[in-house]
Amino acid sequence: MTPVLEAVFGNRSAVQVLLFLEAYGSGHARRIADTYEVPLRSIQRQLQRLEANGVLVSRAVGRTRLFEFNMRSPSVRNLRVFLAAELDLLPEEDVKRYYRQRQRPRRTGKGA
């Protein structure tokens, strides 16, 4: 995480939420918090703030609230271009650790 991004977005958890959603397309609070090993409440607060300001939209999937970017907003489309460029500039070890995690479960009977 770069200090410049934290300065632009106000704090580290906002940057974490935005980069996670750019990398994976959607996500829920627990998954984002677990990925970065940060308190769940700080991620929930950022998700609520970003949704209230029209950056994100959410939908219920069972008992889970899934968040994604609000693509109806032209500003959000520009933001995503910026975030994609920032993801490309991150060190490879950060990319492997945070942004290349397996998203789907393995097929039954397949080894680890």
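Each reported figure results from applying straightforward, stated rules to the coordinates on display, with no laboratory input. All values derive from a computational prediction rather than experimental measurement. Note that each Cβ is placed from the backbone with ideal geometry, even for glycine, and that neighbours are counted across all protein chains shown.
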Report summary line: With the 8 Å Cα cutoff and a minimum separation of six or more residues, the chain has a relative contact order in percent of 24 percent
Report summary line: A chain fully extended from GLU92 to VAL8 at 0.36 nm per residue, minus the present Cα-Cα distance, gains in nm 28.0 nm
Query - For the stretch 46-61, 3J(HN,Hα) per residue [Karplus equation, 6.51 cos²θ - 1.76 cosθ + 1.60, θ = phi - 60°, Hz, x = Gly/Pro] - result: 5, 4, 5, 5, 5, 5, 4, 9, x, 7, 10, 10, 9, 8, 7, 10
Query raised in the report: Taking the highest mean first, how do the peptides 20-27, 38-45, 57-64, 76-83 order by number of other beta carbon atoms within 10 angstrom per residue?
Result: 20-27, 38-45, 76-83, 57-64
Requested in this report: Could you line up GLU51, GLU86 from fewest to most neighbouring Cβ atoms inside 10 Å?
Outcome: GLU51, GLU86
